Every structure is written in C-alpha cells, then in structure tokens.
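Asks: I'd like to ask you about the structure that follows.
Read-outs throughout are calculated quantities, based only on the coordinates presented, and are distinct from any laboratory measurement. Given the structure is predicted, the values throughout are model-derived calculations rather than measurements. Ideal geometry is used to build each Cβ from the backbone, glycine not excepted, and the neighbour counts take in all protein chains shown.
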Amino acid sequence: MTYQQSIVEAAGAIEPFRQTWDGIEPESVARMRLQNRFHTGLDIARYTAKIMRRDMDAYDADPAAYTQSLGCWHGFIGQQKLISIKKHFGTTKGRYLYLSGWMVAALRSDFGPLPDQSMHEKTSVSDLIAELYTFLKQADARELGMMFREFDKARSEGNEVEAQRISHAIDNYETHVVPIIADIDAGFGNAEATYLLAKKFIEAGACCIQIENQVSDEKQCGHQDGKVTVPHEDFLAKIRAVRYAFMELGVDDGVIVARTDSLGAGLTKQIAFTREAGDIADQYNSFLDCDEVDPAALSHGEVLISRDGKLMRPKRLPSNLFQFRSGTGEDRCVLDCITSLQHGADLLWIETEKPHIEQIAGMVDRIREVIPNAKLVYNNSPSFNWTLNFRQQVYDKWVGEGRDVSAFDRARLMSVDYDGTELADEADEKIRTFQRDAAARAGIFHHLITLPTYHTAALSTDNLAREYFGEQGMLGYVKNVQRAEIRQGIACVKHQNMSGSDIGDDHKEYFAGEAALKAGGAHNTMNQFAA
C-alpha cells in the first residue's frame, strides 16, 4: 500500500466518526501506521523467515550471495549497526543480527558477569530479542519521521517535484528490521524446556534459532575445554521441539541451525540406546574409547557394551562421563551434521578451534556427499587469534613451496616486528577475503562475529579513558568522539533525535495541535549540529 493509499484508507475509517473524532487527521494516522508496520514479534518472525529462506535459495544458486551478521548485547547496539549498514550500503539485504548466549551471560544476567555455561536466566535471551526489535522499529519510526518532515517542507515551498521524490522514497522504504539468529545454547533443560523457551524466542520475533549438541547442565563455551555431547536422539528431540514451536505459532518456514561441538568435545554423558547394529546410536557409541575385557576379570560396578561380538569396557572418568577415542572429532562432526539435516535442521554450525578453510571444507565435502545442499553458519570468533593463525598458515604454505622463511620465527609471528612484511601482508589479504573464500569453498552461507561489540566497547572506552583522564582532557572526547561523529555523519551525534525526541514532538502536534509544547524549538542545543 502506498503512502497516499494509506491516507485514503485512514480517511475511510475516520469518516463515520467525523463529528466526534475531532482532530484525528488521516495523514497523521497513515504516518503512524507506516512508522509501526510490525505489531507483534510474530509479525516480525514471519516476515524475517521469508527473507532468510530467500537468501538461502540465493546462496544455493550463487555462493557469492553469502550473508553476514554481527553479535550484539543491547537494542541500541543492534539499532546502530543497521543504521550504519543502511548509511554505508543503502540496503540491509544479506545483513542480519546475531544474538550470542555468551554475551547475554557476560553482560545481561542479574547474577552479574557469567561464563558461557547456560547459568544465566532463560528468558534473558528472549527479552533481548524483543529489545532489539523495539530499537529497530524505533529506527524506522525515526527515519520515516525525518522523511515526513522533508515532505512537508517540500509541499510548503511548493516544490512538487521534490515532494513526489520523497513520496516515492516513502513508498519504497526499507525497514531496519532484519533476521536475528538467536542462540538457545543447549536448550536450557530437556526437550519440553527447549520447546517452551523456543516459543518465547519466536513470540519475541526470532525467525532463526541455533541449538547445540552439548549436555545442558554441562554446557561450555565452544572455545573452551570440558565440552560434553549428547547422543543424536537426545539432540534430535530438541530440534523437533523447536520445529513444533515454530509451527504452533504459525512460522512454518522458521529456520533451525544445528550446531555440533564434537570437534572439540571428547566426552559424552550417556551411552546411546541401540536398537540394531549400525543405527545412529550404534554409530555414536562406535566412537567410544573402549578396552576389551575378560568377563572373569570384571570389577564391581563396571559398565560394559557389546561390540562385534566382544565385551568392551568404555573408559569412564570419575565425573561419570565417558570418553571418545582421540582423533575422532571430525568423523563425529560429519555424522552429527548429516543426522541433523536428515531430521529437521536447516543449517549447520561447526565450532572449530581455528579459522582454517580447508579444515571446514574437508568436513563439508563429506557432508555434501549425502546432503548436496548442506550449508553452514560459521563463527568468525574473537576467540581465534586471527593474526597469528593466518600468519602461521602463510608461513606453512611458504615452507611447502620451498620459500626461505629464515627471517621468521613461527611461534612469534604475532609480533609487531613482522607488521608490514610480505608474509604479514599476504596473511592480511587472506583474512580480508576469508568470508568470500569460505563461502565459495566451504559451504558457508552465513558468517558472523559473536562478540564484536564486547571488544569494541572495551577498546573505545580504554581509548577515551586514556585521553580524557590524561593530558588531553576534554579534547580527548571532542576530537576523538564528537568531532569524529560529525565528520563521519554518525546519526547519534544528535542524541536527542536518536532517543525519539522528534517523534514525540510529532505526536504532540497530532494530539494537541497548536497547543503542543515541543522540545525541538530554537533553544534545543541539537540545532548546533545542523551545520
């Protein structure tokens, strides 16, 4: 519906009550409706699910059409990312937001900062989803409000050409509301708990839920030690629970990302129940580290399994966890991925210990032998030392090519001493093209950075503190923050406008007409930024 059609529709609704609905103007109603096109989180989930499905199809047709996101821990942070994306690139196409359980645990829990071990409140994640979309919708209202003001100015000046241009821009307005990939950790309990929490996510607006195959009460960050996986049937029950939640709420095309932590997880809490030789449970158990035992030499309380007609003792730790054979991580990852895609998941997430395209591609090639269109979401994690990893990859490549590397110490390649060298430059170029190259070679549909604003907030705060509390004083803020905001056209330099002051002024005028007491008058100091 166009802007003018919206006005006509509003006029039709008002007309029967024209005698009593004094001061209700059709154009004001149309503007408010356009500024709030998503009335519920489910409206958002249904809208964004379609975007994500279209993007997945586009990637299948052309791997250059991969998508990206950045993690965020506050609605304002997510809002500013999308405002910046629209400013620099003119469109939000292919750009999402990632909601990291790690950042929720570290920054949003009532318990205070926590490690990524699912100890934070379950609903803190769904609360953040709702908060993010509240801020994204406010970004729409703000930007459209400024367009309406420009439209009114053009009309008042009799500039019909400009008024038509702005009206066309309003009709073709692109929302800041984009898909969010939301981290539900290992489901925060059993499958029923996962289902109930997934509904909270979806009702808040999530069209995509990422779930991992760790044990809920032993959950660890994917880049830490001590990870414990569950048998496939346990994980598939949670995938089904998420799918049921999507379908119950009418988001039939909701997206599920199945994450495997098996590459770095050497333990399981359970021996899978096997129905017949060669089934999924039997394959899971086949990776257990076992010793053949003599029945006559058994100790009290032993746990035994039968394998190929032999009695085997799985290695059990004092924690009552069972150990997998060393070196089986990649095989277990491949089995996890195939099984998940065959039983309801849409995308994969393989948590790796380093950003190495060929390592990822080696597993994806095996997965695609069974599931040809398998696609990954990949964590471009700040837990990786990207500089060191890629300099070492280049170093190793040069050694393989017979090049002279005597000027470099492989263990010290992170050193600033190597900045500006040919090796460092080649490594930086590989980092620059990593997402593009991995999308083409390793089946990665979506690249994300989990914790970028955790680090940028710390870095910018450190820089400001050093300058402001040091010799630079107030210049440390003005030069490095405010002046930079002005020069770069950062929207929130006008922080009153960003917080919704002008939107409020518009509403005051709608509600009170000439009697409105507005904040944006001549004495508002934000006018200093008009130049």
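Asks: So what's the back-of-envelope 222 nm ellipticity for the chain, counting only DSSP H runs of four-plus at -39500 (n - 2.57) apiece and dividing by all residues, rounded to 500?
Replies: Numbers: 20 runs with 250 residues, N = 531.
Here the helix-only value at 222 nm equals -15000 deg cm²/dmol.
Asks: From the square roots a ≥ b ≥ c of the eigenvalues of the alpha-carbon gyration tensor of the chain, which class results: rounded (a/c under 1.5), prolate (a/b over b/c), or oblate?
Replies: Working: a/c = 2.34, a/b = 1.64, b/c = 1.43.
Here the chain falls in the prolate category.
Asks: Among GLN35, ALA237, ALA297, whose Cα sits farthest toward the positive end of the charge dipole of the chain (+1 at Cβ of Lys/Arg, -1 at Cβ of Asp/Glu, about the Cα centre)?
Replies: GLN35
Asks: Got a sec to turn the phi values of segment 114-125 into Karplus ³J(HN,Hα) couplings, 6.51 cos²θ - 1.76 cosθ + 1.60 with θ = phi - 60°, whole Hz, x for Gly and Pro?
Replies: 10, x, 7, 9, 6, 9, 6, 4, 3, 7, 5, 6
Asks: Under a straight-distance cross-link criterion of Cα-Cα below 16 Å, which lysines are reachable from LYS81, leaving out those fewer than 8 residues away in the same chain?
Replies: Reachable lysines: LYS93, LYS137.
Asks: Search the structure for amide H atoms under 5 Å from the amide H of ARG307, placed 1.01 Å from N in the peptide plane, and list their residues when 5 or more places away or on another chain.
Replies: MET312
Asks: Right, here's the next one. Which order results if TYR454, TYR284, TYR66 are arranged by neighbouring Cβ count within 10 Å, fewest first?
Replies: Working: TYR454 19, TYR284 26, TYR66 23.
Fewest-to-most ranking of TYR454, TYR284, TYR66: TYR454, TYR66, TYR284.
Asks: Quick one: which residues, 5+ away or cross-chain, put their amide H under 5 Å from the amide H of LEU267? H built at 1.01 Å from N.
Replies: Close amide H contacts, sequence-distant or interchain: THR229, PHE324.
Asks: How do GLU358, GLU27 line up, fewest other C-beta atoms within 10 Å first? Before the final figure, lay out each step's value.
Replies: Working: GLU358 11, GLU27 17.
The most exposed by this proxy come first: GLU358, GLU27.
Asks: Output the peptides 154-163, 55-64, 242-251 sorted from most to least packed, where packing is the average of other Cβ atoms within 10 Å over each peptide's residues. Write down the numbers at each step before the final one.
Replies: Working: 154-163: 12.3, 55-64: 14.6, 242-251: 18.5.
Order by mean packing, descending: 242-251, 55-64, 154-163.
Asks: P(r) of segment 310-371 in 5 Å steps, Cα pairs, percent per bin?
Replies: The percentages, shortest bin first, are 4, 14, 22, 18, 15, 12, 11, 4, 0.
Asks: Specify the inter-centroid distance of segment 238-258 and segment 1-49, based on alpha-carbon positions, in whole Å.
Replies: If we compute the Cα centre of each part, the gap is 31 Å.
Asks: Given an 8 Å cut-off on Cα distances and at least 6 residues of separation, report the relative contact order of the chain as a percent. All intermediate terms of the calculation are to be shown ahead of the outcome.
Replies: Values: 829 pairs, mean separation 80.1, N = 531.
This gives 15 percent for the chain.
Asks: With +1 on each Lys and Arg Cβ and -1 on each Asp and Glu Cβ, how big is the dipole of the chain about its Cα centre, in debye rounded to the nearest 20?
Replies: Numbers: 58 positive and 77 negative charges, 94 e Å.
So the magnitude is around 460 debye.
Asks: FRET efficiency for ALA465 and HIS495, Cβ-Cβ distance as r, R0 = 25 Å, nearest 0.05?
Replies: On the way: r = 20 Å, r/R0 = 0.81.
Once rounded, the FRET efficiency stands at 0.80.
Asks: Another one. Under 12 Å from the Cα of LYS227, which aspartates and glutamates turn up, not counting those fewer than eight places away in the same chain?
Replies: Within the straight-line limit of under 12 Å, LYS227 reaches these aspartates and glutamates: ASP116, GLU212, ASP217, GLU218, ASP261, GLU351.
Asks: Hey, if you put +1 on the Cβ of every Lys and Arg and -1 on every Asp and Glu Cβ in the chain, which of PHE529, GLN472, ALA258 ends up farthest toward the positive end of that dipole?
Replies: Value: PHE529.
Asks: Taking amide hydrogens as modeled 1.01 Å from N in the peptide plane, which residues meet the under 5 Å criterion relative to ILE444, leaving out close sequence neighbours?
Replies: Here LEU376, ALA439 satisfy the definition.
Asks: Determine ³J(HN,Hα), in whole Hz, for all residues of segment 268-280 in sequence, where each value follows from phi through the Karplus function 6.51 cos²θ - 1.76 cosθ + 1.60 and θ = phi - 60°; x replaces Gly and Pro.
Replies: 9, 8, 10, 8, 5, 6, 9, 8, 7, 4, x, 6, 4
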